[in-house]
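Written below as structure tokens is the structure these notes are about.
The values are calculated or read from the model by the stated rules, or taken from the named source; none is laboratory data. Please read all numbers here as calculations on a predicted model, not as lab measurements. Here the Cβ positions follow ideal geometry from the backbone for every residue, glycine too, while neighbour counts run over all protein chains shown. The area values use the complete protein model at the heavy-atom level, side chains included, leaving out ligands, DNA and RNA. Shrake-Rupley method; radii C 1.70, N 1.55, O 1.52, S 1.80 Å.
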Amino acid sequence: MDNYVNHYVVVAIFLVLGILLPVVALTVGRLLRPHKPTEPKRSTYESGNEPVGEGQVRFNIRYYMFALMFVIFDVETVFLYPWAVAYNKLGLFVLVEMVIFAGMLLVGLLYAWKKRVLKWN
Amino acid sequence: MGAWLNEPLTWGSALILFLWAALFLLIVLGFVTYAIYYERKVIGWMQLRIGPNRVGPLGLFQTVADIFKLLIKEDTIPRKADRLLFIIAPALAFIPSFTVLAVIPYTEKLYFADLNVGLLYYVALSGITTLAMVLGGWASNNKYALLGGMRSAAQMISYEVPLVISIVGVILLSGSLNLRDIVAAQDGGWFWNWNLFPQIIGFIVFFIAAVSELNRTPFDLPEAESELVAGYHVEYSGFRFAFFMLAEYVYVYAIAALTTVLFLGGWHAPAPFLDFVPGIIWFLLKFAFIVFSLFWIRATFPRVRVDQLMSLGWKVLLPVALLNVFLTALYLELFVK
């Protein structure tokens, strides 16, 4: 791995290509497609009726709860990954430590479960 | 690819790498075109229909015609939409889906980027697509789109957690996040050395979560046509819509390739006496089987209800994935060390 940086150059190339494709395709499309906007075309779709009020309505608080739970368990994953990579070099002690750590989060999951956060209606 | 990567970087070699990557992009686009055709054919046959057979021989140009149609469709942006975010969202959905493919190794010699954090890179980037769906749903200023976007986001983050935790078992066994090292760790000559068998629990959780991450049946609630018209992309038309679809199918490619690498032994043959067949053939066979399984599941299962969806992710898959991590760690502690 003496040319370590080369691999990240490849990643950058993939990123550039990923950006180029939408830009090029949409620019080419602009030359090919018709452009005849009318007022009804530019209104938002609401089953054929006139849209009532704003589209950005208030939504269920439940989505926020799931986002909160996601953050907690995603952070757990951030700790699990390096632990798993180094596991073979570490002792029984770290296994116990990780069990305690995951156990605490599981208590949190059980709490959410009991509080009916995971129930949809 | 390996040879180019180990030379010192010059403008010339960077250009060659760029051309290889561009060729690969074309291959991925070709895959998407024919994956859609193949999916329609397979589902057609499973439902005793013929599937597309009009455009070109055997309907082979059907998807090409569809793409061209999308390209010349008028692009309407609703008056009330948040223009900038509305335009960014489809591109933002596609960019990570292609960028994650940089780390997938196909054979011993054929790979693009050999990152030591390969798996983390994949998991981290693929999460960005969720953001694009929420952005698209929000920017449309449409109630259906907003609800669809929120639903997608809730579903994807709920299944992201079991997905990333189910992989930890594989990392434990191979002691590396590098995808080439993970494949190398599965080399024992026989198919029971693949992670599929020691990590069967992890594999099942991974596969269910992956189907859900792809928003495919039986977890295609964000696009539930009967209740949310089309979900977060209801206001999108023409090629912007095409980019959402493209991202979805590029992820089919990515997940099938990742499953092959993590659980099915990558390019290794199932038995030592089959070693004469080149590794790339084995890789493609396993890859094609996973892709077929995804279409098969789509044709077979009914959609789950929205209240069952969240319980499955949090109450079943997450505890099982965590259990798998500690079972694997305990096994390594007792029998390997």
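For segment B:307-321, what does the Karplus curve 6.51 cos²θ - 1.76 cosθ + 1.60, with θ = phi - 60°, yield as ³J(HN,Hα) per residue in whole Hz, taken in order and with x for Gly and Pro? So the Karplus estimates, Gly and Pro as x, are 6, 6, 4, 5, 5, 4, x, 8, 8, 10, 5, 5, x, 5, 5 Hz. A straight Cα-to-Cα reach below 19 Å connects B:Lys41 with the aspartates and glutamates B:Asp66, B:Glu248, residues fewer than 8 places away in its own chain not being considered. Considering only B:Gly12, B:Gly136, B:Gly59, the mean-square fluctuation computed in a Gaussian network model of chain B, springs between alpha carbons under 10 angstrom, is largest for B:Gly12. Dimensions of segment A:1-115 along the principal axes, based on C-alpha atoms and rounded to the nearest Å, stand at 69, 53, 15, largest first.
Taking the Kirkwood radius as Rh and the Cα radius of gyration as Rg, chain B has a ratio of Rg/Rh equal to 0.97.
Need one value for A:73-84: mean number of C-beta atoms belonging to other chains within 10 Å of its residues' C-beta atoms.
Mean shielding by partner chains, rounded to a whole number: 6.
Per-residue Karplus couplings for segment B:163-177, computed as 6.51 cos²θ - 1.76 cosθ + 1.60 with θ equal to phi - 60°, are listed in order as 4, 6, 6, 5, 6, 4, x, 5, 5, 4, 5, 9, x, 7, 9 Hz, Gly and Pro entered as x. Just from its helices, what would the mean residue ellipticity at 222 nm be for the protein assembly as shown, if runs of 4 or more DSSP H residues each count -39500 (n - 2.57) and the sum is divided by every residue, rounded to the nearest 500 deg cm²/dmol? Taking each H run of at least 4 residues, the total per residue is -21000 deg cm²/dmol. The calculated FRET efficiency for A:Leu92 paired with B:Gln308, based on their beta-carbon distance and R0 = 41 Å, is about 0.55.
Computed over protein heavy atoms with a 1.4 Å probe, the accessible surface of segment B:1-72 works out to 60 Å² per residue. Across segment B:281-289, coupling constants 3J(HN,Hα) worked out from phi with the 6.51/-1.76/1.60 Karplus curve, θ = phi - 60°, read 5, 4, 4, 5, 4, 5, 4, 5, 5 Hz, and Gly and Pro carry x. Here the Gaussian network model covers chain A, with springs between Cα atoms less than 10 Å apart; of A:Arg58, A:Arg33, A:Arg42, A:Arg33 fluctuates the most. Considered as an equivalent ellipsoid built on the Cα gyration tensor, segment B:1-118 has semi-axes of 34, 24, 14 Å, the largest given first. Taken about its Cα centre, chain A carries a charge dipole of about 440 debye when Lys and Arg each add +1 at the Cβ and Asp and Glu each add -1 at the Cβ. For the pair B:Ile128 and B:Ala14 in one chain, pulling the backbone fully straight at 0.36 nm per residue adds 38.3 nm over the alpha carbon distance.
Hey, which of these cross-link pairs are over 25 Å Cα-Cα: A:Lys41/B:Lys69; A:Lys89/B:Lys109; A:Lys119/B:Lys143; B:Lys109/B:Lys337; A:Lys114/B:Lys143; A:Lys41/B:Lys143?
Working: A:Lys41/B:Lys69 19 Å; A:Lys89/B:Lys109 29 Å; A:Lys119/B:Lys143 23 Å; B:Lys109/B:Lys337 31 Å; A:Lys114/B:Lys143 31 Å; A:Lys41/B:Lys143 17 Å.
Exceeds cut-off: A:Lys89/B:Lys109; B:Lys109/B:Lys337; A:Lys114/B:Lys143.
Using a 1.4 Å probe on the protein chains only, how many percent of the accessible area of chain B belongs to carbon and sulfur? Taking all protein chains in place, chain B shows 72 percent carbon and sulfur surface. Taking the inverse of the mean 1/r over every pair of distinct Cα atoms in the protein assembly as shown gives a Kirkwood hydrodynamic radius of 23.5 Å. In the context of the full set of protein chains, chain A has a per residue accessible area of 65 Å² (1.4 Å probe).
Look at the stretch B:83-95: the mean tally of other chain Cβ atoms within 10 Å of its residues' Cβ atoms is 2.
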